[in-house]
Structure formats: C-alpha cells, structure tokens
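The values are calculated or read from the model by the stated rules, or taken from the named source; none is laboratory data. The structure presented is a predicted model; accordingly, all values stated were derived computationally and were not measured. Cβ atoms come from the backbone with ideal geometry, glycine included; neighbour counts cover every protein chain shown. Note: areas computed on protein heavy atoms with side chains; ligands, DNA, RNA excluded. Shrake-Rupley method; radii C 1.70, N 1.55, O 1.52, S 1.80 Å.
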Amino acid sequence: MANMLRVVIPVDSMDVTSWKLAVRYALEIANKTSPPATDVVLLTHTKSQLDHTSLASHLGQTVTKALSKGEIFNLDSAVRLRFATLRTLGHSTRNSVVIAFYADERMLETLDGQRGVVGIAAVPQFDGDIDQWINIWNPVVHGRKPEATKPLIDDPVIEKALESITTKSNTDNAVLHTDDRKFADGVFRILRAKGHKLDPTAIKSWAIRANWKPDAADELCKVAAKVAKFKNKPSLGAIHNPDEHYERWKS
C-alpha cells in the first residue's frame, strides 16, 4: 500500500541496537497513524528465529518466552507487542505496525499486500537482502539522508501503457482475471512491435508501487517477460485498433 509508513534499519541484526531502533521506529509510526496504532507485530520467517537466534538475546528470556507462547507484551502504556510468523500472520493485522526482523524481499512483499498493516520497520538479515524493496518504496533508511523518489519506468510511453492496464484491471485481486491478462498481453505486444524494450522486473515494481497486489504484479511481470522473450516483433493483427492505443500512450 502506497500510504504505508516504511522504515529500514540497516544495522547488523546480531547487534541489540537493531532491535532497539526497530522498537523506537515502530512506536513512532504507531503514534503517527490516525487513529494511533496499538498493535505491533514482531514478524519472523519461522518460530525458531524467535527462540534460537540473536533476537532472543535482544528481547531477553522473559519476553521471548511470553511472545513464544502467544502472550502479549506491553511496549508502553498504549502499544502492545505480539509475535507472528509468515505462516501464522494470516489476516490478524488491524491497524498494525510490523517489525519485520530478518527481513527479505519475500517477507516484505507479503506485507505490502497485507490489509491492516499501517507501517513497517524492517531489519534485514544481510546487506542487499531488501534492495529491490527499498528501490520500490524509497523508505526512511536509518542513518541516511532522505532521497527523492525515483521513477521505476524511464520510458513515458510504457508508463502510460501500464496506467491503461491498471485502469482496466481489478488490482484488488491477488490474481489477474483472464480478460485482464489478455489485455495486458496485447499492450505488451503493441509496445514490443513499436520498438520499446520491456523490463519485467521494473514493471512488477511499478505495479506494486501503483497498489497492485504483489501476486497480481508478479503475474503481470510474467506476461511481460513472455512477450519480452519474443525473437521477432509480434504481429498485431488480432489486436483491435493497436495504433489508436499506441497514439494515446504517446500523447
């Protein structure tokens, strides 16, 4: 979701400072939302990452055991901390801030499509683990000066074409309907026939930033990849008014 507050803490996850900063940012995000969030979820890939890693040391034995048993821990008088994994998170987020510990692209992509998440404080396990996510959302990165958000698609014609796909498609769904997929395929064929180069990864990133569900954006990426691999320019004979579509994207 484009209006979600996102923070990255690029501090070694073995260092307790990473946890302290994650909590600090989570509380800041909780207080900035309207209404203020009272639910903070500590999210890891698996339960063993809570019980048997540096994270357990950061939290301390008492808190680790409580969270592991499904109990709630008070971060302050108004905000409560609970634990979840990617498997158990389900649809339990309601106006929630998530501390994504040992975060990678898969974890954060899941959160991007999760209803009820109003903010993310991400602690990557290794450098480079979430570079693509950072590129998509331009989050606050602890210790770095804010940068202007950069466009993900350099070709304005392709961007206009993607906007037309977005308008045509039901982006609230996790999958593309058959008609939406067919329309996207036609759009990409027109672009290829007119000499434009398709970057499927950039197209997926653009779609996610444009509030597509991550799984649907991935489907769009695959449609683009299929057309991008054509050895020759595709025929447009089966597409209705391809030149009219193209001129609209150029204008």
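Here are the numbers for this structure:
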item: C-alpha center-to-center spacing [the range 81-138, the range 192-228] in angstrom; result: 22
item: Straight-distance crosslink candidates among aspartates and glutamates, where the alpha carbon sits under 15 Å from LYS194 and sequence neighbours closer than 8 are dropped; result: ASP155, GLU159, ASP185, ASP243, GLU244, GLU247
item: For the chain: relative contact order, % (alpha-carbon pairs under 8 angstrom, 6 or more apart); result: 20
item: Tilt relative to the chain, helix 214-228 - C-alpha long axis, 0 to 90 degrees, to 10; result: 30
item: Folded to 0 to 90 degrees: helix 156-168 orientation relative to the chain principal axis, Cα; result: 80
item: Tilt relative to the chain, helix 16-32 - C-alpha long axis, 0 to 90 degrees, to 10; result: 70
item: Cα pair distances exceeding 25 angstrom across the range 1-128, given as percent; result: 13
item: Ellipsoid semi-axes in whole angstrom, largest first, where each is sqrt(5λ) of the Cα gyration tensor of the chain; result: 41, 17, 16
item: Carbon + sulfur, % of accessible area of the chain - ligands and nucleic acids excluded, 1.4 Å; result: 50
item: Cα-centred dipole magnitude for the chain, charges only on beta-carbon of K, R (+1) and D, E (-1), debye, nearest 20; result: 340
item: Relative contact order (percent, whole number), the range 155-230, Cα cutoff 8 Å, 6+ residue spacing; result: 37
item: Rounded accessible area per residue of the chain, 1.4 Å, Å²; result: 52
item: Reachable lysines, given that their alpha-carbon falls under 19 Å from the alpha-carbon of LYS20 and they are not under 8 places away in the same chain; result: LYS32, LYS65
item: Radius 14 Å from Cβ of GLU109, net charge of other residues (Lys, Arg +1; Asp, Glu -1); result: -3
item: Computed lengthening from VAL140 to ASN173, 0.36 nm per intervening residue step minus Cα-Cα distance; result: 9.0 nm
item: All aspartates and glutamates inside 12 Å of LYS229 as judged from Cα atoms, apart from same-chain residues fewer than 8 positions distant; result: ASP199
